[in-house]
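The values are calculated or read from the model by the stated rules, or taken from the named source; none is laboratory data. Small disclaimer: the values here were computed from a predicted structure and weren't measured. Using ideal geometry, Cβ is built from the backbone for each residue, glycine included, and neighbour counts are taken over all protein chains shown.
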Amino acid sequence: MTPAPLAFADALPWLLALTVVPLALASVAALVRPTARLAAPLTVVGSVGAAALGVALLAGAGTLDVRTGSLVDGLSVVDLRYDSLGAVFLVALGLSAAASAGSIVGTRARSRLEGAAFPAFLLAIVVVLGAANGFAFLFAWELMALLSAILVIGLRPTRAVLSAGYLYVAMTHVATVAILVAFAVLAAGTGAGLGFDAWRAASPALDPRARDVVFVLALAGFGTKAGAVPLHAWLPRAHPVAPSHVSAVMSGVMIKTGIYGLVRIVVDVLGGGPDWWGVAVLAIGAASAILGVLYALMQHDIKRLLAFHSVENIGIILLGVGASLVLAAHGATTLAAVALAAALFHSLNHAAFKTLLFLGAGAVLHATRVRDLNRLGGLARLMPVTALTFGVGAAAISGLPPLNGFASEWLTFQGLLGTAGETAVPPLVRFAGALAIGALGLTAALAVACFVKATGIAFLGLPRSREAATAHEASRPVLAALVGLAAACVVLGLGAGVASGTLTDVARSILPAGLASPVPVAAVTSLPRTEGAATYAALAGGLLIVIAAAGATFLVGRGMRRARRAETWTCGIEPAPQFQYTGTSFAKPIRLFFRRILLPERRVEVEYHPGTRVPVSIHYRGDVTLVLEDRVFRPAHALGVRAAQAVRRLQAGAIQLYLAYIVVAVLVLLLVTR
């Protein structure tokens, strides 16, 4: 009888074909006819194929190699290798893309180009996750960036959209340059061509200084794509202006390609490095998590709020990666595997709940044409399914049990506790791990506050505008996508033991082999696939039973007595939306507490009756300073523009002047090389 893994292995090429062919046909179909009625179902099929391919690889089917043709020095035209690490992100891609494409079934694309760009964008991500050499990776990476830029900007962009799109294109190309130079250093230092396998085999002999250069460049390049602080400025501007299904995939999956690239190059190819590598990743992760959630709390645009939460969650993932690097550097590979598994698990979970939240926000935007939380309210009565599923996503991203966000954040805590408690780790590095634990705890608490604000202000209370009062429920395809993603958040939470066990095996497969863990992992955490995993599942199931019992008791008790309904008492005045908390007032205590970081600004404009001090109207506006954008990037941009204008004067168009430049350059070279 054929073993199950072998049967899966035989199916891998067919699953890859089920992914690639429908996505390619969807792109062609959208070009032929500007409608999503054929392209969207094909995109769903291709996305499901990607998820199935990922599940098969994780189930132990081995790897899938696809190599065809040859350019120079044995460099293949198509050089793909899908393994268990890429499989994790394939599952995330399939989950997010299937729901996002499913939400637009039956609708028309804005244009043929944009309709074709979406499935092609997904196909580019599939190639990125399987690229086995530097050339194939960079080709797919650049294609992914350009197609996503098309989706963000569109064919008829406003000035604000164009500005956000240009910023995204500029920063993603800065990232590409950094990755290109890192690959060039790897290829030159190892003398092993462009293949990842060759780099992996030759990396132990690479000069330590070259390894450090590759790490810094990889962290900058992949960190920019991931939206990590301080190179995150493009993310909160680009994601809100894109269509909601595009925002969902960009935030849920595309930015994770930065995490994938970082893990692939730094952990898998280079095999880790000195302590300062891990500490640097921990520091960037902590800064991203805290600043991301703080800036999210201050936002009133619901899509911009969610975009800043992507920065926060990338920070949480980087905390797991940083802890894994530190632990692996000191031989604690069991704990390192737990930390890296936490990062991979949170990447998968984030794809589920962030796609859910962006599609929910898109449903609200479609129903009201409003993104400002302060103009929403009362939507739970008019959009009950959207409100319920958005609430599930909000609870998941806030790390509340028994949902998936809690499971991966708890596993991240275990990895950080291992970093802080590992006696083989130097004291300063252990102290950095302890600070990271505090950063993650603060982030989790602020995330709860943020989504209490977002969910409460948008869906509860009275409508604050005519648009909110006349809202309608989303279409059936959108509701099906929302319900499916909400169910995925519950299933991933309840099945955390199995999922984290599989991901721990994935982490072990790419961490340096042959190092024994000097500390028994049971002292810190319970590895999945043990009694601890069953305990978590039992606790999660028990919590669900308690919630269900409480709900049933409430409904039975409500049915036994007649409910008495009355207007809310407001001191004899008819209730009005103006009596309710706004997003601004809800966030003000936190804004004041963190004023040293947020640097709040307040403007009050009062209009008086002529000749009196009696006010006619009072306009209040509060905002926060985005320190990096406003105090670093804007001045740097202005300085760059002035420098470019100064250099432009050197091009006067006179051939004599250019000859003079050449003469001066030759004289300088003669003096330098003398």
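Before moving on, here are some points about what is shown:
- Residue selected from segment 130-185 under the condition touching a Leu at 6+ places or on another chain (Cβ under 8 Å) and polar (S, T, N, Q), by the criterion farthest from Tyr82 (Cα to Cα): Thr176
- Test: Ala187 is aliphatic (A, V, I, L, M), closer than 30 Å to Leu95 by Cβ and touching a residue at least 24 places away in the same chain (Cβ under 8 Å): no
- On the stretch given as segment 451-468, residues that are out of contact with any Leu (no Cβ under 8 Å at 6 or more places or on another chain) and among the hydrophobic types (A, V, I, L, M, F, W, C) total 4.
- Pairs where the first residue, in segment 104-126, is under 19 Å from Leu80 (Cα atoms) and the second is charged (D, E, K, R) and surrounded by fewer than 22 Cβ atoms within 10 Å (Cβ to Cβ), C-beta under 9 Å, 6+ apart: Ala124/Glu142
- Evaluation of Ala434 against (1) at pLDDT 90 or above; (2) crowded, with 22+ Cβ neighbours inside 10 Å (one fails), failing number: (2)
- Selection from segment 10-27 of residues that are touching a residue at least 40 places away in the same chain (Cβ under 8 Å) and either surrounded by fewer than 16 Cβ atoms within 10 Å (Cβ to Cβ) or among the aliphatic types (A, V, I, L, M) (or both): Ala11, Leu12, Pro13, Leu15, Leu16, Val20, Leu23, Ala24, Ala26
- Every residue from segment 417-428 that is crowded, with 20+ Cβ neighbours inside 10 Å and either modelled with pLDDT of 90 or more or among the β-branched types (Val, Ile, Thr) (or both): Thr419, Val425
- Taking segment 109-196 as the region of interest, the helices (runs of 4 or more DSSP H) fully inside it that hold 2 or more residues being of a type in the set (D, E, K, R) are 112-128.
- Within segment 252-274, residues that are among the hydroxyl-bearing types (Ser, Thr, Tyr) reach partners that are assigned to a loop (DSSP other than H, G, I, E, B) with beta carbons closer than 9 Å, at six or more positions or on different chains, in the pairs Thr257/Leu129; Tyr260/Leu129.
- Odd one out for Gly377, checked against (1) under 28 Å from Leu90 (Cβ atoms); (2) surrounded by 22 or more Cβ atoms within 10 Å (Cβ to Cβ); (3) modelled with pLDDT under 90: (1)
- Screening Ile284, Ile302, Ile290, Ile317 for residues that are within 17 Å of the chain's Cα centre (by Cα) and surrounded by fewer than 23 Cβ atoms within 10 Å (Cβ to Cβ) leaves exactly one candidate, Ile290.
- Of all residues in segment 604-625, those being modelled with pLDDT under 80 and closer than 30 Å to Pro230 by Cα number 4.
- Restricted to segment 459-557, the set of helices (runs of 4 or more DSSP H) holding at least 1 residues that are among the basic types (Lys, Arg), surrounded by 14 or more Cβ atoms within 10 Å (Cβ to Cβ) and modelled with pLDDT of 85 or more comprises 496-510.
- Restricting segment 194-205 to residues that are touching a residue at least 40 places away in the same chain (Cβ under 8 Å) and under 24 Å from Trp276 (Cβ atoms), the residue that is surrounded by the most Cβ atoms within 10 Å (Cβ to Cβ): Trp199
- Any chance Ala39 is more than 24 Å from the chain's Cα centre (by Cα) and in contact (Cβ under 8 Å) with a residue 24 or more places away in the chain: yes
- Those residues of segment 320-332 which are buried (at least 24 other Cβ atoms within 10 Å of the Cβ) and over 12 Å from Leu282 (Cβ atoms), in sequence order: Ala328, Ala332
- When segment 96-118 is limited to residues that are more than 18 Å from the chain's Cα centre (by Cα) and of a type in the set (Ser, Thr, Tyr), the one that is farthest from Ser148 (Cα to Cα) turns out to be Thr107.
- Long-range neighbours under 9 Å by Cβ, at least six apart or interchain, first residue on the phi < 0 side of the Ramachandran plot and part of a helix (DSSP H, G or I) within segment 573-592, second β-branched (Val, Ile, Thr) and buried (at least 17 other Cβ atoms within 10 Å of the Cβ): Gly583/Ile457; Phe586/Ile457; Arg591/Thr584; Arg591/Val624
- Residue ID - modelled with the lowest pLDDT, chosen from residues in segment 28-43 that are surrounded by fewer than 24 Cβ atoms within 10 Å (Cβ to Cβ) and in a helix (DSSP H, G or I): Arg37
- Selection within segment 119-165: residues that are among the aromatic types (Phe, Trp, Tyr) and under 18 Å from the mean Cα position of the chain (by Cα). The member of this set that is nearest to Phe183 (Cα to Cα) is Trp141.
- Of the residues Thr355, Thr333, the single one that is out of contact with any helix residue (DSSP H, G or I) (no Cβ under 6 Å at 6 or more places or on another chain) and of a type in the set (Val, Ile, Thr) is Thr333.
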